[in-house]
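The values are calculated or read from the model by the stated rules, or taken from the named source; none is laboratory data. Since we're looking at a predicted model, the values are computed, not measured. No Cβ is skipped: glycine too gets one built from the backbone with ideal geometry, and neighbour counts run over all protein chains shown. Note: areas computed on protein heavy atoms with side chains; ligands, DNA, RNA excluded. Shrake-Rupley method; radii C 1.70, N 1.55, O 1.52, S 1.80 Å.
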Amino acid sequence: MGSDFKTIPIIDISPLVAKIDDPKLAASNDVLEVVRQLDEACKEAGFFYVKGHGVPDSMIKEVREITRSFFALPTEEKLKIKMTPKTGYRGYQKVGENITKGKPDMHEAIDCYRPILPGQYGDLAKPLEGNNLWPETPLNFKALLEDYLSLVKDLSRKIMRGIALALGAPIDAFEGDCAGDVFWVLRLIGYPVSTDIPESERTDTGCGAHTDYGLLTLVNQDDEIQALEVQNRSGEWVYAVPLPGTFVCNIGDMLKVWSNGIYEPTLHRVTNKSPFYRVSAAFFYESNFDACIEPVECCKQKTGGVAKYDNIVYGKHLVKKVQNNFVKGRY
């Protein structure tokens with residue numbers, strides 16, 4: 001799947017947002033046009049920008065600004081919320097502690113997950129049990145991010161309703177047992193200027209090439225720094241050029257399985273070659289933690305009638321990825 005795209009499509013989803021709970025949604029021509037564009041974008045690029053999404057631009061910017069303020073703090077202050085296995089892999093990690101395919105990434109981050117109570121999912125979620133570690137400085141950090149999480153979670157639900165229609169499924173196909181009790185992940189990421197990293201510790205990527213794990217990702221990136229790159233079918237890297245007021249969206253591994261490969265996630269990476277510190281906030285909208293994702297019948301019928309992928313339990317997939325994503329021995 002995929003194509004030799006040279007640019008990433010821009011979709012105005014305002015009709016979908018405005019009519020999302022209208023029982024006649026699927027009969028609206030302007031909504032059906034959004035659905036058509038979502039279908040084409042997911043098939044051709046696996047990435048798309050959304051505008052007309054309803055999240056205030058002031059909040060989008062404020063999230064980046066408060067994140068930048070945190071990363072500007074002294075290291076000892078940031079380490080007050082240090083991420084370890086004992087924190088359920090929540091909290092702050094220093095530059096080089098995240099690894100992709102065995103190679104340290106040149107970014108620092110705060111990792112947040114939907115809180116998990118002890119025993120909530122039995123042994124499946126044990127490594128990720130716990131609550132998020134929110135810094136006391138800057139002030140209002142937790143309140144702002146929790147408000148933001150509420151908005152991007154709701155926006156993701158709306159986009160997934162459009163994607164369900166694009167696949168010929170019921171509008172609520174990603175709710176209920178699949179994603180009616182969604183798990184989510186938020187990564188607040190800072191990419192230093194390359195020359196600010198000691199040469200002995202430096203690699204050539206801010207984040208190595210990868211696909212995302214869940215259903216849908218929304219990226220809130222700095223307005224003026226080109227760093228996120230997406231690979232087309234020919235192996236060329238195409239910049240996801242910052243477009244103020246938009247989110248960059250991409251599909252993940254669980255949607256590939258669910259759709260039986262009609263939609264496939266696209267490799268992407270981050271390389272900050274600019275002379276400026278770059279910030280992004282990546283929100284990952286996942287399935288239910290304990291959902292067993294498998295190709296659905298309507299998608300199998302469109303792809304030869306046979307399941308191309310084995311069933312996969314989302315939480316098991318996530319825990320394996322998380323536990324392999326961090327440099328061992330630094331805790």
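Here PHE183 passes the criteria (1) buried (at least 23 other Cβ atoms within 10 Å of the Cβ); (2) outside any strand (DSSP E or B); (3) not small (Gly, Ala, Ser) except the one numbered (2).
The condition (being among the basic types (Lys, Arg), farther than 30 Å from GLY2 by Cα and at pLDDT 95 or above) is satisfied by just one residue among LYS51, LYS61, LYS43: LYS61. For segment 2-31, the tally of residues that are of a type in the set (Gly, Ala, Ser) and not in a helix (DSSP H, G or I) stands at 3.
What do you reckon, is VAL34 part of a strand (DSSP E or B) and within 29 Å of ASN232 (Cβ to Cβ)? Steps first, answer last, please.
Values: part of a strand (DSSP E or B): no; within 29 Å of ASN232 (Cβ to Cβ): yes.
Spelling it out, it is not the case that VAL34 is part of a strand (DSSP E or B) and within 29 Å of ASN232 (Cβ to Cβ).
Going by the conditions given, is LEU149 in contact with a Cys (Cβ under 9 Å, 6 or more places away or on another chain), open to solvent by less than 30 Å² (accessible area, probe 1.4 Å) and in contact (Cβ under 8 Å) with a residue 12 or more places away in the chain? For LEU149, the condition - in contact with a Cys (Cβ under 9 Å, 6 or more places away or on another chain), open to solvent by less than 30 Å² (accessible area, probe 1.4 Å) and in contact (Cβ under 8 Å) with a residue 12 or more places away in the chain - is met.
Say whether the condition of being open to solvent by 40 Å² or more (accessible area, probe 1.4 Å) and assigned to a helix (DSSP H, G or I) is met by at least one residue in segment 90-101. Spell out the reasoning first.
Step one: of segment 90-101, the residues open to solvent by 40 Å² or more (accessible area, probe 1.4 Å) are 94-95, 101.
Now restrict to residues that are assigned to a helix (DSSP H, G or I): none.
No: zero hits.
Counting only residues that are open to solvent by 20 Å² or more (accessible area, probe 1.4 Å), more than 21 Å from the chain's Cα centre (by Cα) and either closer than 22 Å to ALA179 by Cβ or in contact (Cβ under 8 Å) with a residue 60 or more places away in the chain (or both), segment 127-146 holds 3 of them.
The single condition among (1) in contact with an Asp or Glu (Cβ under 8 Å, 6 or more places away or on another chain); (2) open to solvent by 20 Å² or more (accessible area, probe 1.4 Å); (3) closer than 30 Å to LEU16 by Cα; (4) outside any helix (DSSP H, G or I) that THR203 does not meet is (3). The set of residues in segment 192-213 that are within 22 Å of PRO265 (Cβ to Cβ) and either free of Cβ contacts under 8 Å to residues at least 40 places away in the same chain or in contact with a Leu (Cβ under 8 Å, 6 or more places away or on another chain) (or both) comprises ALA209, HIS210, THR211, TYR213. Take the residues of segment 42-63 that are outside any helix (DSSP H, G or I) and among the small types (Gly, Ala, Ser): which is nearest to THR217 (Cα to Cα)? Filtering segment 42-63 for residues that are outside any helix (DSSP H, G or I) and among the small types (Gly, Ala, Ser), the one nearest to THR217 (Cα to Cα) comes out as GLY46. Name the single residue, out of those in segment 64-81 being assigned to a loop (DSSP other than H, G, I, E, B) and under 12 Å from PRO138 (Cα atoms), that is most open to solvent (accessible area, probe 1.4 Å). Looking at residues that are assigned to a loop (DSSP other than H, G, I, E, B) and under 12 Å from PRO138 (Cα atoms), I get ALA72. In segment 212-222, the residue that is nearest to ASP4 (Cα to Cα) out of those that are open to solvent by less than 10 Å² (accessible area, probe 1.4 Å) and among the polar types (S, T, N, Q) is THR217.
Of all residues in segment 54-63, how many are over 12 Å from LEU155 (Cβ atoms), open to solvent by 20 Å² or more (accessible area, probe 1.4 Å) and not small (Gly, Ala, Ser)? Going through segment 54-63 one residue at a time, the tally reaches 3. Within the set ILE171, ILE225, ILE189, ILE163, the sole residue that is in a loop (DSSP other than H, G, I, E, B), open to solvent by less than 20 Å² (accessible area, probe 1.4 Å) and either closer than 30 Å to PHE276 by Cβ or in contact (Cβ under 8 Å) with a residue 12 or more places away in the chain (or both) turns out to be ILE225.
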